[in-house]
Amino acid sequence: MDGVVEVLHARFGNHAYPLHTHAAWTLMILDRGSVRSELGRHEIGIVPRGVTLLPPHVAHDGRAGTAGGFVKRVLYLAEDTIDTALVGAAVDRPTLHDPALRRQLDGLHRSIEADPGGLETASRLALVSDRISEHLRPSSEDAAGTPAAHALALRDLIDANVVPGIDLADAAAGIGVSRAHLIKAFTSCWGLPPHRYLIGRRIDLARRLLLEGRSVADVAVAAGFYDQAHLHRHMVRMLGVPPARYARPRRTLE
């Protein structure tokens, strides 16, 4: 997927990484244990409560900080996902103690597993990248303009592309703002993030098509879902009724 070079979920016991570098940003959370590492001649400790960001092209190593080893989840982000001007700040502050960021990152991992190319995953990645940049460059200013106007522009774009969906990066570029700004503006204005709004519009379309008598399999594709199972999951979650039952003719009581 765009922006993510590799995903790694791993458990290590006694293994120790020698000094090495990556061409990508290394974004790591620990689920168990701790890690000791040297980054750019700085000794750092990595624990489950934080989020660790290792910048590209900076040498680092890694070894277990506890006898039981460690369990980690890592995203390797493309070099242009985060401004490379922030590499120095990342070397100075590689561990970010931000519970909200950790929750966002956990959600991003889950989203990648479920739907790596979807709007939800792209949205979560944009928010994670933006929050990291805020940590490293707290004086940075958000995009100029009126957030409500940006939210309306994105809603119109989604409404015009319910079935094919949209590319978040293209939408942000077309509106002239960052992806993270666009997601925040939309969520603040409409009360839900863009990917959930899109799912809702697809469900509305699916309901109309089902009531026209079309088969569930045909409706799933026609409404922009991957397959029948994808439609089923979202209809049950949103309406409490599976597609086949929703489409069943009602009996008139006399």
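Laboratory data are not the source of any read-out in this text; all were calculated from the coordinates shown. Keep in mind it's a predicted model, so treat the numbers as computed, not measured. Don't worry about glycine lacking a Cβ; one is built from the backbone with ideal geometry, like all the others, and counts go over all protein chains shown.
Points worth noting:
- Failed item in (1) assigned to a helix (DSSP H, G or I); (2) surrounded by fewer than 13 Cβ atoms within 10 Å (Cβ to Cβ), with residue 187 passing the rest: (2)
- Filtered by the rule that a residue be in contact with a strand residue (DSSP E or B) (Cβ under 6 Å, 6 or more places away or on another chain) and among the polar types (S, T, N, Q), the stretch 114-137 gives no residues.
- Of all residues making up the stretch 6-33, the number that are surrounded by 15 or more Cβ atoms within 10 Å (Cβ to Cβ) and in a loop (DSSP other than H, G, I, E, B): 3
- Residues in the stretch 60-73 that are surrounded by fewer than 20 Cβ atoms within 10 Å (Cβ to Cβ) and touching an Asp or Glu at 6+ places or on another chain (Cβ under 8 Å) were compared, and the one that is nearest to residue 100 (Cα to Cα) is 73.
- Where residue 57 falls short, out of the listed (1) in contact with a Phe, Trp or Tyr (Cβ under 9 Å, 6 or more places away or on another chain); (2) at positive phi: (1)
- Checklist (1) under 18 Å from residue 198 (Cα atoms); (2) buried (at least 17 other Cβ atoms within 10 Å of the Cβ) applied to residue 164, failing item: (2)
- So residue 247, is it among the aliphatic types (A, V, I, L, M) and in contact (Cβ under 8 Å) with a residue 60 or more places away in the chain: no
Each row is one residue, and each column tells you yes or no for (1) in contact (Cβ under 8 Å) with a residue 60 or more places away in the chain; (2) farther than 20 Å from residue 116 by Cβ; (3) of a type outside the set (S, T, N, Q).
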| position | (1), (2), (3) |
| --- | --- |
| 164 | yes, no, yes |
| 169 | yes, no, yes |
| 185 | no, yes, yes |
| 188 | no, yes, no |
| 219 | no, yes, yes |
| 243 | no, yes, yes |
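- From the list 73, 102, 124, 36, the one residue that fits, being in contact with a Gly (Cβ under 9 Å, 6 or more places away or on another chain), among the basic types (Lys, Arg) and part of a strand (DSSP E or B), is 36.
- The listed residue being surrounded by 15 or more Cβ atoms within 10 Å (Cβ to Cβ), within 30 Å of residue 13 (Cβ to Cβ) and among the hydrophobic types (A, V, I, L, M, F, W, C), out of 108, 127: 108
Conditions (1) farther than 30 Å from residue 169 by Cα; (2) in contact (Cβ under 8 Å) with a residue 60 or more places away in the chain, marked per residue:
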position	(1), (2)
1	no, yes
13	yes, no
17	yes, no
27	no, yes
59	yes, no
95	no, no
98	no, no
108	no, no
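- Test: residue in the stretch 114-134 that is in contact with an Asp or Glu (Cβ under 9 Å, 6 or more places away or on another chain), more than 21 Å from residue 202 (Cβ to Cβ) and of a type in the set (Gly, Ala, Ser): yes
- Some residue of the stretch 31-45 being touching a Leu at 6+ places or on another chain (Cβ under 8 Å) and under 22 Å from residue 124 (Cβ atoms): no
- Filtered by the rule that a residue be among the polar types (S, T, N, Q) and under 16 Å from residue 22 (Cα atoms), the stretch 38-86 gives 52, 81, 84.
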